[in-house]
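Here the structure comes first, spelled out in structure tokens, and everything after it is commentary.
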Amino acid sequence: MTSSLTARTTVLAAAHGLGKDYGSGDAAVTALSDVDCTVAAGELLVITGPSGGGKTTLLHCLSGIAAPDRGEVHIDGADLARLDDDARADLRRRRFGFCFQTLNLLPALTVAENVQLPLVLAGNPADRIRQRSAELLGTVGLADRGDAFPARLSGGEQVRVALARALVNDPAVVWADEPTGSLDSVAAAGVLDLLRGVVDRGGTVVVSHDPDVVARADRVLRLRDGRLVP
Ligand SMILES: Nc1ncnc2c1ncn2[C@@H]1O[C@H](COP(=O)(O)OP(=O)(O)O)[C@@H](O)[C@H]1O
Ligand SMILES: [Mg+2]
């Protein structure tokens, strides 16, 4: 982790005039409109607001998963749109962890193998990979499910696998889209402890929508109809 990520006042991400539309003609939907925001390094930032308000779209644009139609996103001062595909992929692999609503667990890999994937891609040694994935599966309460395939797990367990995978590389920034949405309150509290732990270690967490998460946020952005509301 770079030292620039340890100071709370350091701007990690900044969006200016962000806009995004889906579809065209009569079916066109403006999902984001004129959004200006920042993400400070070392904070737990929650994006909240009603369903359809643009939370997922904003997370995708800020994290470089989707390209905005209008405006700019800067990460550590670099304009995301000006990074080539390799640089963007490198940023995602080395600095970011993702837990998005479509969990994207690979069905042909076991739970442990799914969690190990970021470590494998980063070229870690085999014993480190095994040790770290076992540690994370323990943390999310799935120590004994490593050999199962994702389809055998409940929805809530699958979310926890995706979170373990998002955290396994000690990313500087974790982007999580409603990670507690399908969990009971005990499991949700465990997930929040995990995310809070990332921030306590100097990392940054951007997470969307959940009243329990809002209560533990350092800062909250509210989106309605694609616009930030005070
Ligand atoms: N792939 C898509 N195609 C068409 N419309 C979309 C797509 N994704 C999102 N939308 C629309 O964009 C708006 C914002 O959606 P989204 O960012 O998913 O909001 P939220 O996460 O707050 O529920 C909604 O009106 C939604 O229907
Ligand atoms: Mg959403």
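Each reported figure results from applying straightforward, stated rules to the coordinates on display, with no laboratory input. Given the structure is predicted, the values throughout are model-derived calculations rather than measurements. Positions of Cβ are backbone-derived with ideal geometry, glycine not excepted, and every protein chain shown enters the neighbour counts.
Enter the mean projected area of the convex hull around the alpha-carbon atoms of segment 62-110, in nm², rounded to one decimal.
4.6
Search the structure for amide H atoms under 5 Å from the amide H of Arg222, placed 1.01 Å from N in the peptide plane, and list their residues when 5 or more places away or on another chain.
Those qualifying (amide H under 5 Å, at least 5 residues apart or on another chain) are Thr48, Val229.
Can you tell me which of 78-86, 61-69 comes out highest on packing, and rank the rest after it, using the mean Cβ neighbours within 10 Å?
61-69, 78-86
Rounded to the nearest 500, what is the chain's calculated 222 nm mean residue ellipticity when only DSSP H runs of at least 4 contribute -39500 (n - 2.57) each, over all residues?
Per the formula, -10500 deg cm²/dmol.
Can you tell me the orientation of helix 126-139 relative to the chain, as the angle in degrees between its alpha-carbon axis and the longest Cα principal axis, to the nearest 10?
For 126-139 against the chain, the angle is about 70 degrees.
Based on C-alpha coordinates, I'd like the Rg and Dmax of the chain, in Å.
Using the Cα atoms of the chain, the pair Rg, Dmax is 17.3, 55 Å.
Taking the Cβ of Leu153 as the center, what net charge do the other residues with Cβ under 11 Å away carry, scoring Lys and Arg +1 and Asp and Glu -1?
Neighbourhood net charge equals +2.
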